[in-house]
Structure formats: C-alpha cells, structure tokens
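Below is one structure; the comments refer to it alone.
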Amino acid sequence: MPKLPVPLMVALSLLALWGQVHAQVPSVDHRITEVAHTNTKFSFPTYRSLDEWRDRQIHLRRQILSAAGLLPLPPRTPLNVTTVNRVVRADYSIETVRIETLPGYFLGGNLYRPTHRSGKLPAVLSPHGHWSRGRIENIKNYSVPALGINLARQGYIVFAWDMVGYNDTKQTPHNFGGWREQLYSFTPMGLQLWNSIRAIDFLQSLPDVDPDRIAATGASGGGTQTFLLAAVDARVHVAAPVNMISSIMQGGDPCEDAPTLRFDTSNPELAATVAPRPMLIVSSTGDWTRHTPEREYPGIRSIYRLFEKPDLVLNAHFQAPHNYNRASRETVYAFFARFLAKSKSLVDTTDHDFEPIPDAQLLAPVRPKGSDYDGVFATWRTYTTATFPPRNRPQARLAMRFALGVEVPKEVWHSTDGQRIALSRLGRQDLVHGYWFAGKGNPVVLVHSKGIEAARASAEAHKYLQQNRPLLIVEAFNTGASHDVRDRSDRYFLTYNRTESQNRVQDIVTGISWVHSITHGRVDVVGLGEAGVWATFAAAVAPGIGTVLSPNTAFEGTDEDFHRRFFVPGIQRAGGWPMANLLALRTRRTPAPPPQSSTATDLPRTSSE
C-alpha cells in the first residue's frame with residue numbers, strides 16, 4: 001500500500017479527531033428522552049480497577065446518606081431504652097423494647113435472646129418487609145418471629161424493629177411527606193435508615209453483644225433496608241438481603257424510594273457497596289429477583305473480584321414466590337454461622353418449629369407520650385438545617401453538591417459550528433447548547449433564565465464582548481429553544497431523575513468546567529433573571545470561580561421560594577440559600593442575604609468511609 005503524504009495524514013488524523021469529538025456530543029439531550037423509573041431495566045456498570053470502584057463506592061455511600069437526609073449524620077442523642085414486656089421460654093426470651101432514636105420519637109421492637117449462652121454473643125439486625133403485621137408477621141412464606149427465635153436458639157441476640165408507621169411506631173404514618181418535607185429530606189426512607197443506624201447503637205450498648213460480630217438480614221423492603229444500612233454503616237459485618245436486589249424493579253414504596261437516591265445507579269450497584277464484607281443474596285423464581293443468578297449476582301461478584309474476595313458473596317436461588325420462608329432462612333443461618341459463630345460445628349442451622357407467641361406479648365401495651373407528626377418534623381429540621389462554620393466549608397460544599405445532584409465533570413466534550421457550541425459530559429449523553437467567543441482576560445459564563453437568545457441580547461453580553469473577554473453563553477436545561485416536556489408520571493420520578501433546577505445548575509457547572517479547561521483561569525459567572533439563583537448554586541459547588549453576579553434575584557430562600565422557583569429535594573437540609581451564598585462568596589458583587597434563623601451553623605460529622 002503506498003505511503004500517504006504527511007500533510008494528508010495530518011488532515012485525516014484531524015478529521016478523525018473531529019469525528020470522535022462530534023460522536024461524543026449527542027444530537028438530543030438524553031435527560032429529556034430517557035426518563036428512568038421504578039421498572040427501568042438497569043445494567044451493572046463495568047469497573048476496570050479497584051481504585052475506580054473505591055471512588056464510586058464512596059460516592060454512592062454519600063449519595064445514600066444525602067438522599068436519606070443524613071449527610072452529615074444528626075447527633076446521636078440518648079436512646080433512653082425501655083423494656084415494656086418480657087416472654088421467657090426454655091431456650092430463648094423475647095423482650096418488647098422501645099428506644100428514643102430522636103428526642104420525642106420512639107422506635108418499637110423485639111429483642112430475642114438465648115437463655116443458654118453467656119459471654120459476648122453475635123447479634124443480628126432484622127428489619128421487616130411490607131407484610132401487613134410487620135415485625136410480628138408469622139405466616140408460611142414469611143415469619144419474623146421464626147427468624148428471631150431460631151437465631152436466638154443458635155446463640156445470637158436479634159433485634160427486630162418496626163418500619164415507620166407500623167405496630168408500636170406510629171408517630172408518623174408509613175407514607176408521609178410532601179414538597180416541604182422533601183426540601184429537608186424528611187422522608188420515610190430517611191427516618192427509617194436513621195432508626196436502623198440507632199438500632200446498631202442499641203445493640204452495641206448491650207453488655208452481652210460482641211460489637212465485632214453484627215449481621216443484618218431482611219426480606220423485600222427489609223432487604224432494601226439491609227443493603228442500604230450495610231452500605232453506609234461498616235458496623236454491619238455480614239449482610240443477607242432477601243428477595244429484593246433486582247435490575248428490573250427497584251422498590252415501589254416511600255421507604256425505599258427517597259428523592260435523589262438512585263441518580264445514575266440502581267439497587268445492584270448500591271448493594272455492591274457492601275463489598276468486601278460477606279454478603280448472601282437470596283432470590284426466587286416468583287418475583288423480580290428471578291434473574292439474579294445470571295444478571296445481578298455476576299455484576300456484584302465482579303466487585304468482590306476486584307477485592308480478590310469473590311467467595312465472600314454468594315447467591316441462593318429458590319423455586320418460590322416472594323418470601324422469607326424456611327428454606328431461605330436456613331440458608332441465611334448457615335451463612336451467618338460461617339462468619340459469626342466461634343464454634344461452627346456446634347451450630348444447628350435447622351429452622352425448628354416453635355410455640356406461637358400471642359401478638360399482645362410482642363407489642364407494647366401503651367405507647368409513650370412523644371411528639372406528634374409536626375413535632376417529629378420540627379425535630380428533624382432542627383438537626384438537619386445547619387449552616388456551617390468556615391472551617392467546614394469543604395464538608396458544606398460536599399453536602400450541597402450531593403443535594404444538587406451535580407458533578408464537576410473531569411472531561412467535557414464539545415462540537416462547534418462557528419460561534420455556536422454544544423457541550424456534553426463524557427458518558428452522560430446530555431446536551432448543552434451555547435455560544436463561545438474567544439478573547440483575553442478573565443473568562444465569563446453567562447446564562448439567562450429565558451434562554452440563549454435572551455442572554456445574547458442582554459447588556460451584560462454586549463459589555464463583555466466589547467471588553468473582548470472570553471465569553472460562554474449557556475442555554476440551561478429546558479429553557480429557551482431547548483424547552484421540551486419530560487414524562488414525570490412515575491410516582492418516584494424524583495428518585496431517579498433530577499429536577500429542572502438541578503439540571504440547570506449542572507449545565508452551568510459543565511460550562512464552567514469546559515471554560516476552565518480551555519483558559520485555565522478563574523471563571524466569572526453571571527446569572528440573569530431567575531438564572532441568578534442557578535448561577536449562585538453553581539458557583540457554590542464549582543471550583544475555579546472568580547466573581548458571581550446575580551442582579552435582581554429577589555430570592556430569599558424560604559421554603560415557598562424553593563418550591564416555586566428552585567425546587568431541589570434536600571436543599572434546605574444542605575443549608576439552603578444562606579449556605580449557597582456563603583460558598584459562592586469569593587469576590588461577590590451582590591450582597592449575600594443574612595442567614596435565616598431556621599438555619600444552624602454547624603455541620604455534624606459524616607459517617608466514616
């Protein structure tokens with residue numbers, strides 16, 4: 001084959017590069033055309049190295065905590081444990097207890113103990129699923145008492161506690177919350193996950209519990225709670241989620257589907273964050289886990305393989321309907337014995353029959369006088385609406401970034417047509433239209449709430465062009481000519497998809513990142529109209545910001561303001577408008593409003609990574 005002339009080879013190389021760049025910028029914005037929902041079919045991502053996965057693992061743990069309103073964790077106040085009833089049998093006992101997980105809020109549960117063991121014993125956390133009688137349900141395909149009694153006979157201390165709104169824990173209903181609660185991330189999932197974290201605190205406070213041998217297992221909604229708890233709390237040493245981890249159905253209940261929880265992820269990947277701790281995944285042919293052996297399990301096992309510990313995750317698959325039946329329980333018993341029992345040869349992992357316990361002996365006869373719903377919500381706001389002292393700005397920025405669901409992209413692809421430009425984050429399939437004007441001096445990113453043409457016609461754009469400053473005009477998500485309609489019909493739309501406001505902040509951050517990569521200088525950000533709010537929040541979380549200009553914003557940061565003008569679940573939890581102004585305050589040209597009295601000034605510590 002004849003050798004091509006050098007100029008032609010260079011031209012072909014540049015053409016190939018141009019084609020590669022353009023191929024990375026989609027023709028449509030997939031955030032509008034591809035709306036995820038509860039029954040979306042997800043694929044497990046591929047991770048090439050342990051370091052790559054560790055970064056993702058930390059991100060997902062923080063995303064869970066943020067969605068739950070637990071980034072950072074609230075203070076651990078006294079549990080004030082009360083035992084209200086006790087049943088004693090020959091080889092086990094059952095105590096009905098309540099613990100105060102928040103001041104004025106009480107969680108009910110049953111503590112199963114062996115009567116024939118001494119010393120420090122392993123413990124098991126037992127969150128229940130959505131069966132009608134909760135933690136006292138005892139039927140063929142599902143029995144919490146059977147699990148607790150048999151584990152107690154095997155030498156474990158077991159704590160089974162209520163989902164919110166069940167049995168003894170009815171200060172809130174199971175399904176609660178509206179837009180105001182969402183602003184503070186006060187949801188059934190968040191309250192339930194906090195109760196689960198406090199359940200570990202309770203077990204570790206017992207003198208006969210070995211804190212280094214704690215497991216968790218639950219089915220259905222209890223399976224969701226099992227892997228979410230194990231994901232964010234390393235004190236769970238062994239996990240056995242039952243009949244829940246699926247790539248074709250993610251939940252379907254408020255305690256499993258908090259806003260922002262599954263941004264760019266799904267249950268199998270969330271469950272994989274438990275690695276490399278031992279995990280047994282139980283599935284069955286009769287529900288949404290029917291494909292686990294060939295779909296979800298291999299993906300999760302690939303993560304354990306990165307740790308060189310593939311044998312620490314197992315799948316047990318049964319010909320059965322949705323369940324936590326005897327066969328499933330016996331498989332879990334054997335798995336727990338393998339990792340938690342000191343004398344494994346002595347453990348009888350058979351699920352034995354037992355004399356049924358009357359419901360009245362498992363429940364508290366009288367509920368304590370605690371806070372009503374409004375009081376519980378008020379307590380939650382007190383703990384989770386902190387402004388942050390300057391020394392904690394990195395933590396504050398982290399909490400704000402997760403509430404916004406924004407990433408600072410490492411790489412932004414672009415295509416140009418004269419002064420027109422299109423941007424897209426690598427691998428995200430989003431599309432941001434704009435205009436780029438090269439120049440000298442500090443670059444500017446300009447956005448107008450009415451779209452790109454309104455920004456081009458603004459006095460600010462003319463001023464920067466006359467000054468010959470580098471200028472990127474961005475058309476933020478779903479504004480101007482880019483406006484379109486998304487399908488928001490799924491009940492849990494916010495669990496999987498960002499709001500318009502979140503996407504608009506992302507587009508500004510994407511523009512800032514691209515300009516910074518081109519000019520390597522500090523970027524000034526200008527937001528006109530409602531975009532002044534978007535620009536402020538973008539500047540709060542993006543690096544390399546110079547000044548922020550947002551004239552005539554008239555935004556005070558009240559709950560009503562956020563509801564009408566900038567709806568982002570969890571934004572008040574992350575400090576709201578005062579915190580956005582504090583974080584964006586580099587050389588700000590408009591005065592920041594004073595902090596509101598409803599917003600505190602301290603960021604409690606996060607859970608350990």
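The values are calculated or read from the model by the stated rules, or taken from the named source; none is laboratory data. In this text, all values refer to a predicted model and were calculated from it rather than measured experimentally. Cβ coordinates were reconstructed from backbone atoms using ideal geometry, including for glycine residues, and neighbour counts include every protein chain displayed. For the accessible areas, the whole protein counts, side chains as well, though only heavy atoms, and no ligand, DNA or RNA atoms are used. Shrake-Rupley method; radii C 1.70, N 1.55, O 1.52, S 1.80 Å.
Listed by chain and number, the lysines whose alpha-carbon sits under 19 Å from that of Lys369, ignoring those within fewer than 8 places in the same chain, are Lys170. Measuring from centroid to centroid over Cα atoms, what is the spacing of segment 399-467 and segment 76-98 in Å? Result: 59 Å between the Cα centres. I need the calculated FRET efficiency for the pair Arg133 and Glu308, taking r as the beta carbon distance and R₀ as 51 Å, to the nearest 0.05. Calculated transfer efficiency: 0.70. Take the alpha-carbon centre of segment 225-271, take the same for segment 537-562, and report the distance between them in whole Å. Between the Cα centre of segment 225-271 and that of segment 537-562, the gap is 33 Å. Looking at the chain, the DSSP beta bridges with both ends there are about 50 percent antiparallel. The label-point distance for Lys369 and Glu453, in a model that sets each label 7 Å from Cα toward Cβ, rounds to 6.6 nm. Compared with the dominant Cα axis of the chain, that is its longest principal axis, helix 6-24 is turned about 50°.
Look at where the Cα atoms of segment 115-156 and of segment 23-74 average out, and the two centres are 34 Å apart. One quarter of the convex hull surface built on the alpha carbon atoms of segment 372-455 amounts to 9.9 nm², the projected area averaged over directions.
Where a Cα-Cα gap under 21 Å defines reach, which lysines qualify for Lys440, not counting those fewer than 8 residues away within the same chain? List returned: Lys463.
Computed over neighbours whose Cβ is under 12 Å from that of Ala230, the net charge equals +2, Lys and Arg +1, Asp and Glu -1.
Helix 531-541 and the longest principal axis of the C-alpha atoms of the chain enclose an angle of approximately 60°.
Based on alpha-carbon atoms, the Kirkwood radius and the radius of gyration of the chain give Rg/Rh equal to 1.03.
Accessible surface area normalised per residue over the chain is 39 Å², counting heavy atoms of protein chains with a 1.4 Å rolling probe.
From helices alone, the chain scores -10500 deg cm²/dmol at 222 nm; the rule is -39500 (n - 2.57) for each run of n ≥ 4 DSSP H residues, then divide by the residue total. On the beta carbon distance between Asp359 and Arg338, with R0 = 30 Å, the FRET formula returns roughly 0.35. Is segment 289-338 best put as rounded, prolate or oblate by its Cα gyration tensor, with a ≥ b ≥ c the root eigenvalues, rounded for a/c under 1.5, and otherwise prolate when a/b is larger than b/c, oblate when not? Note, shape of segment 289-338 comes out oblate. The apolar share of the surface of the chain, taken as the fraction of accessible area on carbon and sulfur atoms (1.4 Å probe, ligands and nucleic acids excluded), comes to 53 percent. Across the chain, C-alpha contacts under 8 Å between residues 6 or more apart give a mean separation that, scaled by the residue count, equals a relative contact order of 16 percent. For Lys120, the lysines whose Cα falls under 25 Å of its own Cα, not counting residues fewer than eight places away in the same chain, are Lys342, Lys344. Ranked by the mean number of other Cβ atoms within 10 Å of their residues, highest first, the peptides 330-338, 313-321, 528-536 come out as 528-536, 330-338, 313-321.
With a ≥ b ≥ c the root eigenvalues of the C-alpha gyration tensor of segment 186-307, is it rounded (a/c under 1.5), prolate (a/b larger than b/c) or oblate?
Oblate, since a/c reaches 1.5 and b/c is not below a/b.
Against the chain, whose longest principal axis is taken from its Cα atoms, helix 500-519 shows a tilt of about 50°.
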